[in-house]
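Okay, structure first, notes after.
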Amino acid sequence: MRNLLAFRGLDREERKATLQAFLMLPVVAGAVKLRGLQRVQARLAVGPESRRSSHVEPVRLGHLVNRVAAPWRANCLTRSLVTWWLLGRAGVVGDLRIGVRQSDQGLDFHAWIEADGLVINDRSDIADEFTPFAHPIAPGQRFV
């Protein structure tokens, strides 16, 4: 009930973005498992003809995606790809960042989105915990 009240408290653009994120999260998660990051990111890339303006602030958009990701148990990469796609549709150029850190179990990886120097869907200091790759991950980019 609380989630429904929170949803009803959103404005029209925020509700639309929330619904899009809720529907896209399982699709993107499945697609990454079946097709891989490169193909999915290339498919989600938004061209200039598909962009529209939106008054939803980028950080708010990241927050909305993270909130609706819980029922799907979406990982950081899935949440970041959906946030990146929604930002692109809103006319905001974002960068997919992947960072790494050493842990007792080996290497841990984490994904987030940055736009205009701001972390959009994570803590602002996430790059202090996970060392980001030198360059953002671009659609179709090879990692090796």
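None of the figures in this text is laboratory data; all of them are computed from the coordinates on show. Small disclaimer: the values here were computed from a predicted structure and weren't measured. Quick reminder, even Gly has a Cβ in these numbers, built from the backbone with ideal geometry, and neighbours come from all protein chains shown.
Annotations for the structure displayed:
- Whole-Hz Karplus values for segment 74-83 come out as 6, 7, 4, 5, 4, 4, 5, 5, 5, 4 Hz, taken residue by residue from phi with 6.51 cos²θ - 1.76 cosθ + 1.60 and θ = phi - 60°; glycine and proline positions read x.
- Using θ = phi - 60° and Karplus 6.51 cos²θ - 1.76 cosθ + 1.60, couplings along segment 115-120 (whole Hz; Gly, Pro as x): 9, 6, x, 10, 6, 8
- Taking the Cα centre of the chain as reference, the dipole from Cβ charges on Lys and Arg (+1) and Asp and Glu (-1) amounts to some 760 debye.
- Of the Cα atoms belonging to the chain, the radius of gyration and Dmax stand at 15.0, 47 Å.
- Each of T83, T78, T18 was scored by other Cβ atoms within 10 Å of its Cβ. Listed from fewest to most, they are T18, T78, T83.
- Simple Cβ-charge dipole of segment 19-61, Lys/Arg +1 and Asp/Glu -1, about Cα centre, in debye nearest 20: 160
- Dipole orientation for the chain: of the candidates T18, I113, N75, T18 has the Cα lying most toward the positive pole (charges on Cβ; Lys, Arg +1; Asp, Glu -1).
- Cut-off under 5 Å, modelled amide H: who pairs with A90 long-range: R52
- Listed residues W84, W72, W112, most fluctuating in the chain (Gaussian network, C-alpha, under 10 Å): W72
- With neighbour counts taken as other beta-carbon atoms within 10 Å, the residues D125, D108 rank, fewest first, as D125, D108.
- Residues V82, V119, ranked from the fewest to the most other C-beta atoms within 10 Å, line up as V119, V82.
- Inter-label distance, nm, simple model (7 Å from Cα along the C-beta direction), S103/R52: 3.9
- Comparing L87, L23, L61 in a Gaussian network model of the chain where C-alpha atoms under 10 Å apart are linked, the largest mean-square fluctuation is found at L23.
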